[in-house]
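As structure tokens, the structure follows; a few thoughts come after it.
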Amino acid sequence: MKLPRRKFLHLAAGAAALPPVSQIAIAESYPSRPVRVIVGFAPGGATDIMGRLMAQWLSERLGRPFIIENRPGAGGNVGTEVVVNASPDGYTLLIVTVVNAINATLYAKLSFDFVRDIAPVGGIHREPLVMVVNPSLPAKTVPEFIVYAKTNRDKIDMASGGVGSGNHLAGELFKMMTGIDLVHVPYRGAGPALIDLLGGQVHVLFATMSSSIGYVRDGRLRALAVTTATRSSVLPDIPTIAEFVPGYEVSFWSGIGAPKNTRVEIVDKLNKEINAGLADPKMRARFSELGASELPGSPADFGKLIAEETENLGKVVKFSGAKAD
């Protein structure tokens, strides 16, 4: 049957209008099945802790499971690559951290460009690191630690969540600014590093507040200092490293990212719910218990933070000479 030209054009125009409507409908119904949330590190670290808190919130708000999947390896790059190569449909998300910004410079060859290939969705938290030692170490203050390290050259093991991790660079910056030598012992995530510090297999770790505060409070670890410019309200009696090493400052942050080309409607829906979680009194109270602060904002705000940190931390990586294969 041959359609009149006018009727054909009318139907064609209607068909052309369907995709935007379809996209909106998909975004409104999202999620219609479980969502994978990839954490590029082992369980137990700050990335995992904060990721699980937000995944639980999103599950409750959006009515579908947001399932944490730990994919450690290559300083978080294994998990990142999973998301980069995933379908941009909102069903595979990434817990983004400061480590992703570090890796852009640390690794000479990556199969992806993080800033280009991951769409920022929204920030979750920011927190100080805590310089913690096993109580068997005699140093009780930062100055005492520096003296002890200088008199015990190459005998103090500094754990980290892996080469180029946030706690690794925090330690490298401390070494550079104090002139001491520490033996770097990288793990596949901050969680295993913390376990060995508790067991006395290593001596010091620049741990996230959220993963270490419980052990500090019960005396299983000794906190020497926090890494931010000002003291933490959660540990007000613990000094900053900058009080002894002027100019020293490091913090850890996290957020959520999605594969590039994920629909704007889905990104905006997730961002709205993330920000709602960060404003929730119970969530805020939990963050406070962990020594963390909320990191609300738009996808653009989070993207700006990622870009700025990638540039700034790249300078620290180059200065330290740290490399990863």
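Values quoted throughout were computed directly from the atomic coordinates according to the rules given, and no laboratory measurement underlies them. The model shown is predicted, which means the values in this text are computed figures rather than measured ones. Neighbour counts run over all protein chains shown; Cβ positions are idealised from the backbone, glycine included.
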Please report the net charge: other residues with Cβ closer than 13 Å to the Cβ of Leu58, K and R +1, D and E -1. +3
Rg to Rh quotient for the stretch 128-243, alpha carbon positions, Kirkwood Rh: 0.91
Mind checking the angle between helix 264-279 and the chain's longest principal axis? C-alpha axes, 0 to 90 degrees, to the nearest 10. 40
Sorted by chain and then number, the residues having a modelled amide H within less than 5 Å of the amide H of Glu69, at least 5 places away or on another chain, are Val37, Ile38, Val39
Can you pull the one-decimal nm distance between simple spin-label points at Glu69 and Glu243, each 7 Å off the Cα toward Cβ? 4.5
Rounded to the nearest 500, what is the 222 nm mean residue ellipticity of the chain from helices alone, with -39500 (n - 2.57) per DSSP H run of 4+ residues and division by all residues? -14500 deg cm²/dmol
When the Kirkwood radius is taken over all Cα pairs of the chain, what Stokes-Einstein diffusion coefficient follows at 10 °C and 1.306 mPa s, in µm²/s? 76
Extension length gain for Arg116 and Lys260 (0.36 nm per residue less Cα distance), in nm, is 51.1 nm
Hey, what angle do you get for helix 166-178 against the long axis of the chain, alpha-carbon based, 0 to 90 degrees rounded to 10? 40
Could you work out the local net charge near Phe319, counting Lys and Arg as +1, Asp and Glu as -1, over the other residues with Cβ closer than 14 Å to its Cβ? +2
With Cβ to Cβ distances under 14 Å as the rule, what net charge do the other residues near Leu235 carry (K, R +1; D, E -1)? -2
Taking Cα atoms, the helix 142-151 axis meets the longest principal axis of the chain at an angle in degrees (rounded to 10) of 70
With the contact rule set at Cα under 8 Å and sequence spacing of 6 or more, what percent relative contact order holds for the chain? 27
In units of 2.2 N^0.38 Å, the Cα radius of gyration of the stretch 274-325 is 1.59
So for the chain: antiparallel DSSP bridges make up what percent, rounded to the nearest 5? 60
In nm, what is the difference between 0.36 nm times the number of residues separating Val78 and Asp154 and their Cα-Cα distance? 24.2 nm
Which value, in nm² and rounded to one decimal, describes the direction-averaged projected area of the C-alpha convex hull of the stretch 178-268? 9.0
Which residue, Asp117, Asp280, Asp218, tops the fluctuation ranking in a GNM of the chain built on C-alpha contacts under 10 Å? Asp218
